[in-house]
1. Does the stretch 195-212 contain any residue that is in a helix (DSSP H, G or I) and either touching a helix residue (DSSP H, G or I) at 6+ places or on another chain (Cβ under 9 Å) or surrounded by 14 or more Cβ atoms within 10 Å (Cβ to Cβ) (or both)?
2. With the condition kept exactly as written, say whether any residue in the stretch 76-89 is farther than 30 Å from residue 395 by Cα and crowded, with 22+ Cβ neighbours inside 10 Å.
3. Output the residues belonging to the stretch 183-194 that are outside any loop (DSSP other than H, G, I, E, B), free of Cβ contacts under 8 Å to residues at least 40 places away in the same chain and surrounded by fewer than 17 Cβ atoms within 10 Å (Cβ to Cβ).
4. Which of the residues spanning the stretch 134-153 are free of Cβ contacts under 8 Å to residues at least 60 places away in the same chain and more than 17 Å from residue 474 (Cα to Cα)?
5. Could you check the stretch 233-314 for strands (runs of 3 or more DSSP E) lying wholly inside it with 3 or more residues that are surrounded by 17 or more Cβ atoms within 10 Å (Cβ to Cβ), touching a residue at least 24 places away in the same chain (Cβ under 8 Å) and not assigned by TED's automatic domain parsing to the domain that holds residue 132?
6. Among helices (runs of 4 or more DSSP H) lying entirely in the stretch 1-107, which contain 1 or more residues that are in contact with a helix residue (DSSP H, G or I) (Cβ under 9 Å, 6 or more places away or on another chain) and closer than 30 Å to residue 429 by Cβ?
7. Six or more apart or on different chains, Cβ under 6 Å: which pairs go from a residue in the stretch 322-346 that's in the same structural domain as residue 223 (by TED's automatic domain parsing) and farther than 16 Å from residue 356 by Cα to one that's part of a helix (DSSP H, G or I) and modelled with pLDDT under 95? Could you list them?
């Protein structure tokens, strides 16, 4: 080690860099670890990822952040799920919720009873049996109650936030706890002659910053992992063909929804993310199917408030680095891979990389090969399962434009093909021990985009049909009544965490 402490150098700020720095400040003993972060004010951040998953609350709790303070600092609002408009077929809409469908009825799981009743024509739509969906569609929100018997406890929530403000907030929090920030632009990377490990980075000022281990948060450039160590990107664009995005903020709409919206378009899809001070918007598209000018025109024509800037173009390729940890370098965020923001997974993947790195953190210069091997194994699982979930959204659509015709008729990963076949058979979805998206998430997308099982689990046949129908009706009524008691999302925000005007 260099000196008496293990030297960890984070290259790049932004959301990924400062999340990593904050976690290190919270969980690594300063007597044993020295953590420095290098960023340059000259280099901008992508900063369009403003929608999150419920695991982000877990991360903030892990750091010990105060929720109200955090939400005020980042102009945050609450998120109960993602609404998908025109996915499946034109005119369809559904919500992927942060909660479960139904409650226990008998020996089988709730979804099996719904399949049985739905095939008999006696069930309401699946989404009527999910409390956060019913509340979200009324623009209502409250924090979950603690009584597990109350339907108002059966959900989680995430945030919409300004990613730039979140990075700035974490920077202040981390620096106050001992993280050293170095301003500078990296112009060279020095490697050990024998091992090939990264020894140091050199700044334009002439400063040399050495370390025992480096975290690459340099964005799409992947300066260390891809550029210096030559770790290739696995190209997933045949399955996820969008390679461009345009982002633009607009004035806050009166429709202050507690959910993100994704609207399918001819050459991709458009996002809408309501924050306290504005709305974030973007068009993710395939450049082979639409020009940048046409994409910008489509985006601007479909805002629900005045545009506050010109659209900003981003280029990317869907995929992940073949190794997220190579030699003494860990890639996080865009430097490690990119899966488009359709299901708000970018910040989640940063969070998982941080948590796994902390679990496997070495404190000796000679890094045990078992540590990167273990890290790469779990990160591969995370990426692969998210990839399959995103591909499902693409292939379950009407082939009503060239892009959608290509993706709906192309090959898909065997892992996804197996999931679809098992679901079509009897609604079976494997509950993962590790990795994102459990059965309710898959159920929402399958049913929401028109893929339904041919039969139900045979255990669902035991209860009489009249009993099942009565319990389903009672549950839908209970959920509807409970959702109507919640305050409006805007009113809850105004009482709980109103942010000052920017």
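1. no
2. There is at least one residue in the stretch 76-89 that is farther than 30 Å from residue 395 by Cα and crowded, with 22+ Cβ neighbours inside 10 Å.
3. 187, 188, 190, 191
4. 137, 143, 144, 145, 146, 147, 148, 153
5. In the stretch 233-314, the matching strands (runs of 3 or more DSSP E) lie at 244-250, 260-265, 268-274, 279-285.
6. 55-63
7. 334/219; 334/220
Conditions tested, residue by residue: (1) at pLDDT 95 or above; (2) more than 16 Å from the chain's Cα centre (by Cα).
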{"residue": "290", "(1), (2)": "yes, yes"}
{"residue": "301", "(1), (2)": "yes, yes"}
{"residue": "312", "(1), (2)": "no, yes"}
{"residue": "325", "(1), (2)": "yes, yes"}
{"residue": "331", "(1), (2)": "yes, yes"}
{"residue": "341", "(1), (2)": "no, no"}
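The values are calculated or read from the model by the stated rules, or taken from the named source; none is laboratory data. Since we're looking at a predicted model, the values are computed, not measured. Neighbour counts run over all protein chains shown; Cβ positions are idealised from the backbone, glycine included.
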